[in-house]
1. Restricted to region B:160-214, and to residues that are within 14 Å of chain A (Cβ to nearest Cβ) and within 13 Å of ligand 1 (Cβ to nearest atom), which residue is surrounded by the most Cβ atoms within 10 Å (Cβ to Cβ)?
2. Taking B:VAL35, is it under 14 Å from the mean Cα position of the chain (by Cα) and either under 24 Å from B:ARG184 (Cα atoms) or touching a residue at least 24 places away in the same chain (Cβ under 8 Å) (or both)?
3. Looking for something near ligand 1 (Cβ under 9 Å from one of its atoms) and open to solvent by less than 20 Å² (accessible area, probe 1.4 Å) - is there at least one such residue anywhere in region B:56-66?
4. Mind counting the residues in region A:167-200 that are open to solvent by 10 Å² or more (accessible area, probe 1.4 Å) and more than 7 Å from chain B (Cβ to nearest Cβ)?
5. Looking at region A:163-182, I want the residues that are farther than 17 Å from A:PRO240 by Cβ and of a type in the set (A, V, I, L, M) and have a partner that is open to solvent by 30 Å² or more (accessible area, probe 1.4 Å) and modelled with pLDDT of 95 or more with Cβ atoms under 6 Å, at least 6 apart or on another chain. Which pairs are those?
6. Please tell me if A:ARG88 is open to solvent by 60 Å² or more (accessible area, probe 1.4 Å) and free of Cβ contacts under 8 Å to residues at least 40 places away in the same chain.
7. Please find, within region A:143-166, the residue that is farthest from the chain's Cα centre (by Cα) out of those that are open to solvent by less than 40 Å² (accessible area, probe 1.4 Å) and not hydrophobic (A, V, I, L, M, F, W, C).
8. Kindly indicate the residue of region A:1-33 that is at pLDDT 90 or above and among the small types (Gly, Ala, Ser) and also surrounded by the fewest Cβ atoms within 10 Å (Cβ to Cβ) among those meeting that condition.
Amino acid sequence: MEDAARLLQLVINGAAGGCIYGVIALGFVLIYKASEMINFAQGDLMMLGGFVAFSLIAGMGLNYWVGAALAIAIMAVFGFLLDSVVLRRVIGQPQFAVIMLTLGLGFIFRAAAGISFGYGSVTFVTPFTNKVENFGDIAIGQDSLSIVFGTVVLCAVLYAFFSKTRIGIAMQAASQNQLAAYCMGIPVRTIFSLIWGISAAASAVAGILLAPSTVLDVNMGFLGFKAFAAAVLGGFGSIPGALVGGVVIGIVEQLAGYYLPAGFQDVTWNSMLLLVLIVRPQGLFAETQRKKV
Amino acid sequence: MSVDPILRVSNIETYYGQIQAIRSVSLEVPRGRIVAVLGANGAGKSTILRTVSGLMDPERGSVSFDGKDIVHMAPDLVMRRGMCHVPEGREIFPFLTVSDNLAMGAYTRRDIDGIARDMDVCFSYFPVLRERASQRAGLLSGGEQQMLAISRALMGRPKLLLLDEPSLGLSPILVTQIFNIIRRINQEQGVSILLVEQNAHIALKTADYGYILEVGRIVLQDECRVLLEREDIREFYLGQKDTGVRGARRWKRKKLWRS
Ligand SMILES: Nc1ncnc2c1ncn2[C@@H]1O[C@H](COP(=O)(O)OP(=O)(O)O)[C@@H](O)[C@H]1O
Ligand SMILES: [Mg+2]
């Protein structure tokens, strides 16, 4: 009983961490599906989102919910501008150039955050900080629960948006067949910038959801690599795949940390990435039909 | 030259990198008419349509649509002016349902009632699309995808419809059926049509006026009934009936990626 409870607790905490990876991975996938770019600054967008929320909530004293909503909106605009001002310029260049650019952007974001907020770690108080829910003999932190709940809400909102709204369907259309989208009068460029906006906003959500359970620091964006592994695990083209991939990595990581000798936890995501690439390179949720570029 | 044609193309020259695909092509589509451009595989038919709809920029020459110069205009803006391009190889949205594909055709419109009415019109032309309305478009057969592509373009309420080889890869019965509908669309909705084809027979039967394109140049033009009577046309274009079943050729949209 003791063990079962412990296991359940590990799984839930792991799933919570995994949701964060999943949400960032979702950002990777959205951008990749639309423009075949891999945005290696995705994790750093999460970091920026966290810091923007920090400066609004802890710095300016805004209410948590207001500050969080504002931070998400700010990051959405930031993502939109990032694409329409910066990334648009490398379209048509080799993949390599795009990768270098997004990696470089990550450096810039970290430096900018360091200069603005310092290199120490900061934190802000949330409604979920240091609270615990007891379910029988299992105690689960509200921080973990809020992450899982927040992720579910985010996914529901995104699902409704992409499948029900005109602009959401147009985003799918432009991601599936750019040429046809242009012929329908869909402003493909703007649509792609909006996708960047959504992607950055999702990362900001991850940063805000993470705030109750960890301190924020400039290098927290490196978590993006685990999210990248999650996206690969999920087939790098599938949004449900990215989420499941994230949760799987999160849970395995927790279990490895508890049951395996020290150090294994840190290599979980690399090992899983390698394993997937060797055993099932198309990922767990590969889509059957290649898209037309 | 007719007065105030819906489309007037003058001396356009378009390149793929260093390769010149069309050489000083001029043509006109009078309002309410069907005009066909005929030519063999690689003659430059698709390039003409891409240049007209703004997917590619010509090096020289001008394109005037409904009285306005549209050269160098982005393709989505050209579409908003009332020109719908049905590209070669159908190019549907494979993971969207048939009805979402049609809804995307009406992306630029806000009149919900009109959109619903036009969707019914499309379903009356191609009843099979109504049956398949909630299926993913990628699951349709080639002929059904062509019907969807034409219907989707109609949903944009075009003044001018550009059709790139609607007969490509379809059975003869299906070709006849689709060209009958093309004729009806022209007559019932008054849509002007510029259509390019390898299948000269069906195109000349359907269109009012025809241009013959050879290696990027227009070598002959006349009323279709005149062209149908000409010895050389009969020999070179109507002798071989095959529609040329080619695999869909991918073409890099240079211009789109550059701008
Ligand atoms: N993406 C491309 N890159 C280079 N050359 C091309 C490309 N697409 C077409 N061409 C060339 O341009 C010419 C005209 O092509 P196209 O307009 O597609 O002909 P058609 O539609 O009549 O078959 C051909 O010689 C073809 O090889
Ligand atoms: Mg062609």
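The values are calculated or read from the model by the stated rules, or taken from the named source; none is laboratory data. No experiment lies behind these values; they were computed from the predicted model shown. All Cβ positions, even for glycine, are placed from backbone atoms using ideal geometry, and neighbour counts span all protein chains on display. The area values use the complete protein model at the heavy-atom level, side chains included, leaving out ligands, DNA and RNA. Shrake-Rupley method; radii C 1.70, N 1.55, O 1.52, S 1.80 Å.
1. Top of the filtered list is B:LEU163.
2. Values: under 14 Å from the mean Cα position of the chain (by Cα): yes; either under 24 Å from B:ARG184 (Cα atoms) or touching a residue at least 24 places away in the same chain (Cβ under 8 Å) (or both): yes.
When the stated conditions are applied, B:VAL35 passes them.
3. First, the residues of region B:56-66 that are near ligand 1 (Cβ under 9 Å from one of its atoms): none.
No: region B:56-66 contains no residue that is near ligand 1 (Cβ under 9 Å from one of its atoms) and open to solvent by less than 20 Å² (accessible area, probe 1.4 Å).
4. 7
5. Taking only residues 6 or more apart or on different chains, the pairs are A:ILE169/B:ASP100.
6. no
7. Filtering region A:143-166 for residues open to solvent by less than 40 Å² (accessible area, probe 1.4 Å) gives A:143-144, A:146-147, A:150-151, A:154-155, A:158, A:162-163.
Narrowing further to those that are not hydrophobic (A, V, I, L, M, F, W, C): A:143-144, A:146, A:150-151, A:163.
Numbers: A:ASP143: 17, A:SER144: 16, A:SER146: 16, A:GLY150: 12, A:THR151: 10, A:SER163: 20 Å.
In this case the residue turns out to be A:SER163.
8. This residue is A:ALA15.
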